[in-house]
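Here's the structure, in structure tokens; my notes come after.
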Amino acid sequence: MDRNEILKTVTEVISKIKKNSYNLDEINEDTFLGGDMGVDSVEMLEALHDLQKKYNIKISNDDMADIYTMQNVIDLIVKYLNK
């Protein structure tokens, strides 16, 4: 799966949760979930739950601990898709 497609999907999931429309031209792998997008810990858990369902993967709690940027989320999804 292409990283740009995953970025788009993650952005759409977060937009739905935040009830906010993010401009994909302004979101990249360096975007901070908390600082740039205003995602709190509960919203991040909700997003990860939705992404696990979408990609049919199961992310361990340990891997969910250190997610700060879009790159972290994308790397995690790629890791589990390649298992």
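The values are calculated or read from the model by the stated rules, or taken from the named source; none is laboratory data. As the structure is a computational prediction, the values presented were derived from the model and not from experiment. Here Cβ is always computed from backbone atoms with ideal geometry, including for glycine, and neighbour counts include all displayed protein chains.
Given the structure, is I77 at pLDDT 95 or above and closer than 18 Å to R3 by Cα? Considered against the rule, which asks whether it is at pLDDT 95 or above and closer than 18 Å to R3 by Cα, I77 comes out as yes. Of all residue pairs spaced 6 or more apart or on separate chains, those with beta-carbon atoms under 8 Å, a first member in the range 11-22 that is more than 14 Å from L48 (Cβ to Cβ) and in a loop (DSSP other than H, G, I, E, B) and a second member that is modelled with pLDDT of 95 or more and of a type in the set (A, V, I, L, M, F, W, C) are Y22/I14; Y22/M37. Across the range 27-83, the number of residues qualifying as aliphatic (A, V, I, L, M), assigned to a loop (DSSP other than H, G, I, E, B) and either crowded, with 17+ Cβ neighbours inside 10 Å or touching a residue at least 40 places away in the same chain (Cβ under 8 Å) (or both) comes to 6.
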